[in-house]
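Asks: After the C-alpha cells below, expect a handful of questions from me.
The values are calculated or read from the model by the stated rules, or taken from the named source; none is laboratory data. Bear in mind that the values here come from a model prediction, so they are computed numbers and not experimental data. Cβ placement follows ideal geometry from the backbone for every residue including glycine, while neighbour counts extend to all protein chains displayed. Please note that ligands, DNA and RNA were not included when accessible areas were found on the heavy atoms of the full protein model with its side chains. Shrake-Rupley method; radii C 1.70, N 1.55, O 1.52, S 1.80 Å.
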Amino acid sequence: MEQLASHSEKLRERLVSKIVEIPGINRIYEMKFVHVHSLEFLKFMCEEIKKDLDMKQVSYGTLRSAIFQAVRKGNVEFITHICKANPVLLWSRDDESRGIFDVAIQCRQEKIYNLIYGISSKEVIHGGDKNNNNKLHMAGLLSPSAQAQLNRIPGAALQMQRELQWYKEVETIVPPNFREYRNKGKHLTPRELFTKTHSRLLKEGEKWMKETATSYIIVGALIFTIMFAAVITIPGGNGDTGFPAFIDEKLFMLFIMSDAISLFSCTTATLTFLGILTSRFAEDDFLKSLPTKIIIGLATLFLAIATMMIAFSAAFLIIVRGHSWIVIPTILLSSVPVTLFVWMQFPLLVRITASTYGRGIFNRNVERWL
C-alpha cells in the first residue's frame, strides 16, 4: 500500500509539473502561489495588529501607507482583514487629510466604496481634505487612478457615463449643502470641478458618439435602399391581373413581411442615429439620453439585418424551388453577415444596456463585518 501511495504521489507531482508547463497555466500558478502566501502574511500581520491595538510596536505610518495603497488598487481583501484586526484603522487619513472613503471615490474603487459605506454610512460622509474638498469634489476629480479605471471601459461615451454615475451616486449620499461648497485655491463647487476636469473626456465622448452614429446611418441607409428596391421588384413579378404571381404562396408572404419589418426597422435605426447627431451633447445627456438612443438604434439595426436575410432566403426559395443542392448552401451563407455583425457589435449593445439599465456597480447593502 505504501508503494502504491508513493507511486500515486509521484504521478500526481509529474502531472502537476506537466500542466504548469502549459503556456499561461504557469503564470496562473505563480499568481495563485503569490496570493496564497500573501494571504498568510496578511493574517500574520493582523494577529500582530490585534496584539498591539494602541499601535505602540507596529509602525502606524507604514501601515497607513499600505492601507491607502490597497485602496488605490482596489484590494478589498487587505482592507477587510486589516480593519477587522483594528477597526480604528478605518478612520485613517493620508497626507492630504483624505480618508479611505475619500480615496475610494477619487480612485473609482467601487468595491471599497460599497464596503466602507456599508460599514458606517453616516460617519464617513462628513469631513473633507485640507483643501476643503468634500466627497462630491472627490467624485468631480478625474485623477490618474480614476483614468486607469476608465481605460478598462471601451468608448469615451461609456467612460463619461461611468463618471456621471459616480458623481450622481455620491450626490445622493451627501447633504444637499455639499453641492455648493467651494474648495480652497480654485474656489470651485463640485459640479464646476467636474466640468473642468472632464472637458476633454466630454469632447472625446461626443466624437465617439458622432462617428459611431455616422457609421450606423450608412448601414441603415444601405439596407433601406435594398429593401425598398426588393419590395418593388418582387420575385416572380406581377401577373396579368396586376397582382403578384406568388401572392398565395406562404414563402411570398414571409418575404413581404420580412421586407416590411426590415424596412421599418432600418428607418427607425437611421432616424435614431440622426437624433444622436443633432443632440446637444451636454454632460447629463451621456447618462441616459444618448446611451438609450444607441440601444434603440442598434437593436432595430440588428432586427433590420436579420429580417433582410430572411427576406432574401424566402425570395431565393421561391425562385429556385426544388433545387436543394443550391438552396441549402446559399441560405447557410446568408446567415454569415448576420452572425458577423452580431459577433462584432452585439457586445457593445450588451455593455451599453447593462451600463445604462443594469444593476450598476454600487451596492449599499453590503453586510457589516465590524
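Asks: Considering all projection directions equally, how large on average is the shadow of the alpha-carbon convex hull of segment 160-222, in square nanometres?
Replies: Values: hull surface 21.9 nm².
The orientation-averaged projected area of the Cα hull of segment 160-222 comes to 5.5 nm².
Asks: Residues of segment 140-211: accessible area per residue at 1.4 Å, in Å²? Walk me through the numbers on the way to the answer.
Replies: Details: 3640 Å² over 72 residues.
For segment 140-211, the solvent-accessible area averages 51 Å² per residue.
Asks: Oh, and also: Relative to the Cα centre, what is the charge dipole magnitude of segment 67-219, using +1 at the beta carbon of each Lys and Arg, -1 at the beta carbon of each Asp and Glu, and rounding to the nearest 20 debye?
Replies: Values: 23 positive and 16 negative charges, 39 e Å.
Dipole magnitude for segment 67-219 comes out near 180 debye.
Asks: May I pose another question? Relative to the compact globular guide of 2.2 N^0.38 Å, what is the alpha carbon radius of gyration of segment 68-128, as a ratio?
Replies: Working: Rg = 10.3 Å, N = 61, 2.2 N^0.38 = 10.5 Å.
That ratio works out to 0.98.
Asks: Still on this structure: If I model a spin label at LEU63 and LYS186 as a point 7 Å from the Cα along the Cα→Cβ vector, what separation in nanometres do I get?
Replies: Taking the two extended label points, one gets 3.5 nm.
Asks: Rounded to a whole number, what % of the accessible area of segment 55-204 do carbon and sulfur atoms account for, probe 1.4 Å? Please report the intermediate quantities before stating the final value.
Replies: Details: 3330 of 6740 Å².
Carbon and sulfur: 49 percent of the exposed surface of segment 55-204.
Asks: Further, regarding this structure: From the C-alpha gyration tensor of segment 96-242, pull out the three semi-axes of the equivalent ellipsoid (sqrt of 5λ each), sorted largest to smallest, in whole Å.
Replies: Equivalent ellipsoid semi-axes, largest first: 50, 16, 13 Å.
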